[in-house]
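One structure is given below, encoded as structure tokens.
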């Protein structure tokens, strides 16, 4: 590949959904904007690969180059800033705050959750240090002044992929898509309402239930959301499909890589199977996750992605590159397929003593009935994204938790306020 792997995702089309991540961190006390400005500037010194801006070269290709401007930290605006715009000082991220909430907005091209959350945690660690005059003990958080981790900026290559035949190939059972909701959420001004809810759980409740039912955190929530959908979808629907993103960096031998190198795992449930007990459903789901996260399976999707990037190198002109990306993207282009709902989990993040100052943190992304799981200390949080103003999916998920005897707190709806990109066009 001719360019940094992060540049290729900048050609994505955002007509249907913003290609960005918005992380909400709720502190236990009101956020001091002036302190946060100082902290974000300091934290950025730890992440030189985020201190960049996008420019166009002579081929109409995006190139990431160093940006020496001040990072933008502001009160939460009514309208999200454009990532890469002058309002964001050309950065592909910015930070805003309101009350006790900090919001970290970053281009999904630069990283996924595996890259975004460490950056967020560094910012919050630095803020606690600057605000309270202490140095919280948090050995897992990356600190300003520390060197980059081994392979943190490593680029994927074809020689990292498996040359073996895949141990498994998923055959889609054609699960239902929530197309009517998507159309209303994108184009109907009377129903469009991009929002999210936040569920909070005691970690011990989820972990004990998972342990007793042969589940992991992500397989538990995949089954729970499928059961919730089973309560509200019409009888004519025969299959409910669940999807989760799998970060492949560990499989590739570059576990600290910040870039977004994802494959997708699918579990299709025939409706009658959702009446099975949780242990049987959990075993089936967890088995599929294990099979489909094998490098031989990952490599199918990753090879398509790297081949697409190489093809983009041969194409001249920004317009043509965007058209190629729209057609060939393995996750959204021709031949791609999805579940009815997506449930993602970045994994448990160890905040150390910083957790004493934080109430909660969640990821906000595009999509409908799309769920993001995060965990900290003794809590697990689930953000549920929606495109329309409805409570039926939330109420159904609450009913499932009630049936399983799992206590929870739910808050929302909140507006997503996700950022889109405003990049150079010539």
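The values are calculated or read from the model by the stated rules, or taken from the named source; none is laboratory data. These numbers were taken from a predicted model, which means no experiment stands behind them. Cβ: placed from backbone, ideal geometry, glycine included. Neighbour counts: every protein chain shown.
Can you tell me which residue among 318, 281 is farther than 22 Å from residue 219 by Cβ, over 22 Å from the mean Cα position of the chain (by Cα) and either assigned by TED's automatic domain parsing to the domain that holds residue 12 or modelled with pLDDT of 95 or more (or both)?
Just a single option satisfies the conditions, and that option is 318.
Condition check for residue 204 on (1) modelled with pLDDT of 95 or more; (2) buried (at least 18 other Cβ atoms within 10 Å of the Cβ): one failure, at (2).
For every residue, the table says whether it meets (1) farther than 23 Å from residue 143 by Cα; (2) surrounded by fewer than 20 Cβ atoms within 10 Å (Cβ to Cβ).
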| site | (1), (2) |
| --- | --- |
| 11 | yes, no |
| 37 | no, yes |
| 45 | no, yes |
| 49 | no, yes |
| 55 | yes, yes |
| 61 | yes, no |
| 78 | yes, yes |
| 87 | yes, yes |
| 110 | no, no |
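Does residue 360 fit the bill of being in a strand (DSSP E or B) and in contact (Cβ under 8 Å) with a residue 24 or more places away in the chain? Yes; evaluated as a whole, the condition is true for this residue. Exactly one residue out of 117, 137 is under 19 Å from the mean Cα position of the chain (by Cα), outside any strand (DSSP E or B) and surrounded by fewer than 23 Cβ atoms within 10 Å (Cβ to Cβ): that is 117.
Number of residues in segment 380-393 that are part of a helix (DSSP H, G or I) and buried (at least 20 other Cβ atoms within 10 Å of the Cβ) equals 1. Where strands (runs of 3 or more DSSP E) fall wholly inside segment 1-97, the ranges with 2 or more residues that are closer than 16 Å to residue 121 by Cβ and either more than 19 Å from the chain's Cα centre (by Cα) or not assigned by TED's automatic domain parsing to the domain that holds residue 327 (or both) are 20-27. Taking the criterion of being in contact with a helix residue (DSSP H, G or I) (Cβ under 8 Å, 6 or more places away or on another chain), part of a strand (DSSP E or B) and buried (at least 19 other Cβ atoms within 10 Å of the Cβ), would at least one residue in segment 345-354 satisfy it? Looking through segment 345-354, at least one residue is in contact with a helix residue (DSSP H, G or I) (Cβ under 8 Å, 6 or more places away or on another chain), part of a strand (DSSP E or B) and buried (at least 19 other Cβ atoms within 10 Å of the Cβ). A count restricted to segment 355-379 and to residues that are farther than 23 Å from residue 415 by Cβ and crowded, with 24+ Cβ neighbours inside 10 Å stands at 0. Considering only residues in segment 316-331 that are touching a residue at least 60 places away in the same chain (Cβ under 8 Å) and not in a helix (DSSP H, G or I), the one that is surrounded by the most Cβ atoms within 10 Å (Cβ to Cβ) turns out to be 329.
Residue 332 meets each of the listed conditions (1) modelled with pLDDT under 95; (2) farther than 25 Å from residue 251 by Cα apart from (2).
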